[in-house]
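Student: Let me give you the structure first, and then I'll get to my questions.
Every read-out reported here was derived from the displayed coordinates using simple, explicitly stated rules and does not represent laboratory data. Bear in mind the structure is a predicted one, so any value in this text is a computation, not a measurement. All Cβ positions, even for glycine, are placed from backbone atoms using ideal geometry, and neighbour counts span all protein chains on display.
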Amino acid sequence: MDKSPELQCSCAAVPNPFRKKLFKISFQGDYPPGSRGNSTAARMRNYVEQTIQTHQPEGLIFDLTGLHYQHGDAICEILRPLKQSQGFTPSCIVAGGKTKEALSTLYKNSLLEIANCRIVISIEEALGRFAGQVY
């Protein structure tokens, strides 16, 4: 029996000096490895879609510091709802440790690269990336 905690999702506005509608979406819990994580990735993507529909953010920070992720490329699907007619809504992923290491292996030729979604280690670093982006 799988005793791993359920995936927890939350969303909050991020105060910022740019006067932009930035939101942080946090995912916490266990992401099953490989294709077993596909249903978790689908739940994450659905949550992102709901957040975009509800808040219409100008930028998103994905906080994965509480997510235990090993591997599985379906996690990149959280970026698909950010697709617009002219590119993607600006975004960053905040992650550390093994989750950051595992995500970094996916970057090349994935939605992470196409959406220019960088993996950083703190909310402050993410805000620094937004400072240089055009909205």
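Student: Which one of Y31, N109, Q70 has its Cα pushed farthest toward the positive end of the charge dipole of the chain, where Lys and Arg give +1 and Asp and Glu give -1 at the Cβ?
Tutor: The listed residue farthest towards the positive side: N109.
Student: Can you sort S85, S26 from fewest to most other Cβ atoms within 10 Å of each residue's own Cβ?
Tutor: Numbers: S85 4, S26 17.
In increasing order of surrounding Cβ atoms, one gets S85, S26.
Student: Return the long-range amide H neighbours of H71 (sequence gap of 5 or more, or a different chain), with a cut-off of under 5 Å between placed amide H atoms.
Tutor: Sorted by chain and number, the residues that satisfy this are G34.
Student: What value, in deg cm²/dmol to 500, does the helix sum -39500 (n - 2.57) over DSSP H runs of n ≥ 4 give at 222 nm once divided by the residues of the chain?
Tutor: Working: 4 runs with 39 residues, N = 135.
Result for the chain, helices only: -8500 deg cm²/dmol.
Student: Among G37, G87, G72, which one shows the biggest mean-square fluctuation in a GNM of the chain, springs joining Cα atoms closer than 10 Å?
Tutor: Maximum among the listed residues: G87.
Student: Also: What is the set of long-range amide H partners of I119 at a cut-off below 5 Å, with H atoms built 1.01 Å from backbone N?
Tutor: Counting only residues 5 or more places away or on other chains, the set is I93.
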